[in-house]
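All of the numbers you see were taken from the coordinates with simple rules; none came from a lab. Note that this is a predicted model, so its numbers are computed, not measured. Note that we place each Cβ from the backbone using ideal geometry, even for glycine, and neighbour counts take in every protein chain shown.
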């Protein structure tokens, strides 16, 4: 089955969250591209629902075509391929979760019913306050979309907010 045929059998959606951080764009950029997130508490409800705890992410090769690796407490990783790289302004990537990267105990994000394709960060603002816009593109198998659309949206929205709070905390604002 071709990539196009597989994509036709999926409901594809994008969601965005944003936050203001009292820090310069360069500080926020560093927290997005090379982040130590395990210092920020993982919400208990994520653990209850089998959402892996992110530990850190680091850029291995910068620039378009480069890679950033995100590590999780399950031992699994996202080996993200960078698709946009405009320092202090815009960063986007394809997720590329390792085979067996599971959420909610049985949804394999690499090739399962629910998949996350792409992520992006856009930074704007003045010298003292940075606005972060976090985007996530995800898909759900059309056979399961009617029952999973809302729970997936709720979990992804919660995870986006968690990441934005962790970035703000690590940037020194504690927001």
Theoretical FRET efficiency, 1/(1+(r/R0)^6), r = Cβ-Cβ of residue 154 and residue 99, R0 30 Å, to 0.05: 0.70
Below 8 Å between Cα atoms, with a sequence gap of 6+, how large is the relative contact order for segment 109-175 in percent? 24
Each label sits 7 Å from Cα toward the beta-carbon; between residue 18 and residue 147 the label points are separated, in nm, by 3.7
Taking Cα pairs under 8 Å and at least six residues apart, what relative contact order does the chain come out at, in percent? 27
How far is the Cα center of segment 35-54 from the Cα center of segment 117-141, in Å? 19
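Hey, what did segment 11-113 get for relative contact order, percent, Cα under 8 Å, at least 6 apart? Intermediate results must be reported in sequence, preceding the final value.
Numbers: 170 pairs, mean separation 19.3, N = 103.
Once divided by the residue count of segment 11-113, the mean separation gives 19 percent.
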So if we plug the beta-carbon distance of residue 69 and residue 126 into 1/(1 + (r/R0)^6) with R0 = 30 Å, what FRET efficiency do we get, rounded to 0.05? 0.40
Multiply the residue separation of residue 26 and residue 60 by 0.36 nm, subtract the distance between their alpha-carbon atoms, and state the gained length in nm to one decimal. 10.4 nm
Among 82, 154, 132, which one shows the biggest mean-square fluctuation in a GNM of the chain, springs joining Cα atoms closer than 10 Å? 154
Segment residue 45-residue 77, length gained on full extension (0.36 nm per residue, minus Cα span): 9.4 nm
